[in-house]
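Notes to accompany the following structure.
The values are calculated or read from the model by the stated rules, or taken from the named source; none is laboratory data. Everything quoted here is computed from the prediction, not taken from an experiment. Heads up, the Cβs are rebuilt from the backbone with ideal geometry, glycines too, and the neighbour counts pull from every protein chain shown.
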Amino acid sequence: MPEGPSVRKFHHLVSPFVGQQVVKTGGSSKKLHPPDLQSLWLQDTQVHGKKLFLRFDPDEELGLHGDGAPPKSLGKGEILQKEKAAVLGQAGVPSGQEASHGTELAIPGGDEGPGACRPAACAERWLQVSFGLFGSVWVNEFSRAKKANKRGDWRDPAPRLVLHFGGGGFLAFYNCQMSWSSSPVVRPTSDILSEKFHRGQALEALGKSQPVCYTLLDQRYFSGLGNIIKNEVLYRARVHPLSLGSFLSPTHLEALVDHVVEFSTNWLQDKLQGKQQHTQIYQKEQCPAGHPVMKDEFGPPGGFQRLTWWCPQCQPQFPPEGPHQP
Ligand SMILES: [Zn+2]
């Protein structure tokens, strides 16, 4: 699953399309029904942790009220709206934009459950995108097969959603789950890449009497933090993954939070510049000091167990007799 820095990069790729109208749709998503996005306007995009949010409106104007967005010049869509209103007027329908809107919004919603709610017909205008293991966003090109599958086919991956915009470009979303919501679930204080990230809240969570490698992956406190960041920051702060937060000194806890912010910020910068992020411990056999690296699966009881790499020499465990070695 892409971690915070990757999803921030997707957000960076999507942002130039804000203010444009969807003129053609495609994609294999059954749940979303891509044609529903036809002729909607992309009015905003936000990122929170590992989730990307896109706001669509049926009208170019709607998104510009009260959200601080800069005014946009008269777009093609607005001209189309006026043309449509004129046509409706000729057909005997009361003229004016209201009439046109009324027609557009009159989509029967009776039998459709909330999952099938059409964005133009209800208040759910935010498309929430959660990425799978190989989830990605492509701009103006499609992802191509990198190798043949087991049957020897070179079949290109199928995008879940393709959006062609009035400006001539397109976005293709791969390996992701999408759903409509009325507002983005944004809590910047827990987002490790947000300026509003709240260190105090993060430190308090880390200080709990549980292995710090569990807390780091808890999206309530470290939104956007994934397995690569977890392994790297534990190594850099010289903390054993199974150390109990309550046994760590404030200096250790502070160092962990510092490394979370520093590593993920650097990773994002590297991504935006097209550079690879270098890892020191993740999937390594030796740490940078030349010690052999240990690997095991750790996770809360009954929870998701994640592969974890650590150096027993550089990362001593606190307390020395860990919870898994009574
Ligand atoms: Zn080492």
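Could you say whether any residue in segment 264-275 is within 16 Å of the ligand (Cβ to nearest atom) and in contact (Cβ under 8 Å) with a residue 12 or more places away in the chain?
Within segment 264-275, not a single residue is within 16 Å of the ligand (Cβ to nearest atom) and in contact (Cβ under 8 Å) with a residue 12 or more places away in the chain.
Within segment 223-239, is even one residue more than 24 Å from the chain's Cα centre (by Cα), among the β-branched types (Val, Ile, Thr) and within 13 Å of the ligand (Cβ to nearest atom)?
Yes: segment 223-239 contains one or more residues that are more than 24 Å from the chain's Cα centre (by Cα), among the β-branched types (Val, Ile, Thr) and within 13 Å of the ligand (Cβ to nearest atom).
Can you find a residue in segment 8-25 that is surrounded by fewer than 17 Cβ atoms within 10 Å (Cβ to Cβ) and closer than 11 Å to residue 163 by Cβ?
Yes: one or more hits.
Filter segment 276-293 for residues that are out of contact with any strand residue (DSSP E or B) (no Cβ under 8 Å at 6 or more places or on another chain) and within 16 Å of the ligand (Cβ to nearest atom); which is modelled with the lowest pLDDT?
Checked segment 276-293; the qualifying residue modelled with the lowest pLDDT is 279.
Do we find that residue 256 is of a type in the set (A, V, I, L, M) and out of contact with any Phe, Trp or Tyr (no Cβ under 9 Å at 6 or more places or on another chain) in this structure?
Yes, satisfied.
Of 296, 270, which residue is touching a strand residue (DSSP E or B) at 6+ places or on another chain (Cβ under 7 Å) and not in a loop (DSSP other than H, G, I, E, B)?
296
Pick from 186, 239, 212: which is within 30 Å of residue 127 (Cα to Cα), in contact (Cβ under 8 Å) with a residue 12 or more places away in the chain and among the β-branched types (Val, Ile, Thr)?
186
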